[in-house]
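Here's the structure, in structure tokens; my notes come after.
FYI, it's all coordinate maths here, none of it is from the lab. Note that the coordinates shown come from a computational prediction; the quantities given were computed from them, not determined experimentally. We place every Cβ from the backbone using ideal geometry, glycine too, and count neighbours over all the protein chains shown.
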Amino acid sequence: MMTRSEQLFDRARNVMPGGVNSPVRACRAVGTYPRFLQKGRGGRVFDADGQEYVDLVCSWGPLILGHCRREVLEAVGEAMADGLSFGAPTAAEVEMAELICRMVPGMEMVRMVNSGTEAVMSALRLARGATGRNKIIKFEGCYHGHSDSMLVKAGSGALTGGTPDSKGVPPEMAADTLTARYNDLESVESLLRANSGQVAAVIVEPVAANMGVVLPKPEFLPGLRALCDRYGALLIFDEVITGFRLAAGGAQEYFGVRADLVTYGKIIGGGMPVGAYGGRRALMELVAPSGPVYQAGTLSGNPVAMAAGLAQLRILEKNPQIYTRLAEMGGELAKRLRERAQRAGVPVQVNQIGSLLSVFFTEAPVGSFAAAKRSDLDRFARYYRAMLSRGVYAAPSQFEAMFLCTEHTREDLERVLQGAECAMAQIAQEA
């Protein structure tokens, strides 16, 4: 008998490409069908069949305070009572911009948009307009949304589906996107030298989280800053994942490295669809209507999304101990996952920073895109299905992150560890 999720997926495939509205949700890489979720509470989610799971996706990162946080729901309810959308300025937009500028080092002006993809696309246009240059350097396995110029050797769902490039992208769009190797400064400088005076910006996930979680080497981000300064390119941090999650001031605060422009996604909407980009005043004043770089959005700064984001960010700003606790939780979970794997005799690498983790099924350390791709995808798929069957909801891809939230309890973490122990034992038996 089909489950409710299977029935919904069967219906969805008749009216939606692949039965989903975002590719990684289809769960093809892990050999199962998507669980259609119905509600979330704290650190757990419930599917259409009533099954309960510890949630390690957290809406792909933004739910740092978990599902249905009281302050967030109250703020949303109050905003909704006044109207869902106006397409006009509201006080909430001003308060959000002021809050971001206060929390993020070096942030002087912000423009609200509707998604992380839109934020990146707009920041790249601004970088080209500010420098008068056309070329962009990105990194293999880093994902910056699905705009044409960024679907070159991309990570996340593009990598999961086995096609890190896309049909429909004109060759001339891809021609101005140069690809370097993450954690390899020499590959960046080589491109800057070979394209002297032509590179507008280097864009990077400060912590790569779309090839799985891959940490930057200590010299990598400072080295990028120095190279951009030397060759006259702007440095863009894509903080759709790390922003307000690694620290209140994001990766810039955490690593002590300043970017020229920073992009954000759903994090500033408390999980609602929204995005933003910002940076130094001199750069941001080039954006219309102040300057000649055009960018617009009819529903940008949606008041309900702003209310949700403000409620969450205000809590994070006032409670810095949240980050200490999340990092401790992440460190403990990573350590114990390694122990479970070692006990079962299954070689894994567990990469962790703060509340971000990834389990790679490989014997060698993972510090690059090439190393991440050497992971055993069949083992990951078995691991994912075993964890799911034991009530743990994680990202259905080797190349995505696990996220922790403040509402994850000791009981939740024990369930994750028990699920991992059973999964590792099963993998070891099938080897």
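Please report the net charge: other residues with Cβ closer than 13 Å to the Cβ of residue 186, K and R +1, D and E -1.
Residues near residue 186 contribute 0 overall.
Skipping prolines and chain starts, which residues have an amide H placed within reach, meaning under 5 Å, of the one on residue 205, given they are 5 or more residues away or on another chain?
Amide H neighbours of residue 205, under 5 Å, 5+ apart: 238.
Using DSSP to call loops (not H, G, I, E or B), can you name the GluC sites (Glu not before Pro) in segment 352-407 whose Cβ has at most 13 other Cβ atoms within 10 angstrom?
Here the sparse-neighbourhood loop sites are 363.
Kirkwood Rh and Cα-based Rg: tell me the resulting Rg over Rh for segment 172-245, rounded to two decimals. Intermediate values should be presented prior to the final figure.
Numbers: Rg = 12.4 Å, Rh = 13.0 Å.
Over the Cα atoms of segment 172-245, Rg/Rh equals 0.96.
In nm², what is the average projected area of the convex hull enclosing the Cα atoms of the chain?
20.5 nm²
I'd like the Karplus ³J(HN,Hα) series for segment 37-43: coefficients 6.51, -1.76, 1.60, θ = phi - 60°, whole numbers in Hz, and an x wherever there's a Gly or Pro.
8, 10, 7, x, 9, x, x
Taking amide H positions as placed in the peptide plane 1.01 Å from N, state which residues far from residue 178 in sequence (5 or more) or on other chains have amide H under 5 Å from it.
136, 137, 138
Report the longest stretch of the chain that contains none of the chymotrypsin sites (Phe, Trp or Tyr not before Pro) sitting in a DSSP loop with at most 15 other Cβ atoms within 10 Å.
That would be 87-293.
Quick one: compute the contact order of the chain, relative version, from alpha carbon pairs under 8 angstrom and 6+ residues apart, as a percent.
22 percent
Only bridges whose two residues both fall in the chain count here: according to DSSP, what percent of them are antiparallel, nearest 5?
Numbers: 25 of 42 bridges.
The antiparallel proportion sits near 60 percent.
Select from the chain the helices, each a whole stretch of DSSP H, whose alpha-carbon atoms run 20 Å or more along the helix axis and whose Kyte-Doolittle mean is at least 0.0; answer none if there are none.
116-131, 303-318
Where nothing but the Cβ of Lys and Arg (+1) and of Asp and Glu (-1) is charged, how large is the charge dipole of the chain around its Cα centre, in debye to the nearest 20?
Using only the charged Cβ atoms, the result is roughly 500 debye.
For segment 1-121, just the Cα atoms, rotate onto the principal axes and tell me the three extents in Å, largest first.
Rounded to whole Å, the extents work out to 55, 34, 30 Å.
Which entries in the list 135/318; 266/373; 39/138; 39/135; 39/217 go over 32 Å, if you measure between the two C-alpha atoms of each?
135/318; 39/138; 39/135; 39/217
As a check on your grasp of the helix formula, calculate [θ] at 222 nm for the chain: sum -39500 (n - 2.57) over DSSP H runs of n ≥ 4, divide by the residue count, round to the nearest 500.
-12500 deg cm²/dmol
So, counting K/R as plus one and D/E as minus one, what does the shell of residues with Cβ under 12 Å around residue 199 add up to?
Residues close to residue 199 contribute a combined charge of +4.
Non-local amide H neighbours of residue 113 (under 5 Å, H modeled in plane, Pro and chain starts lacking H): which ones?
Counting only residues 5 or more places away or on other chains, the set is 275, 276, 277, 301.
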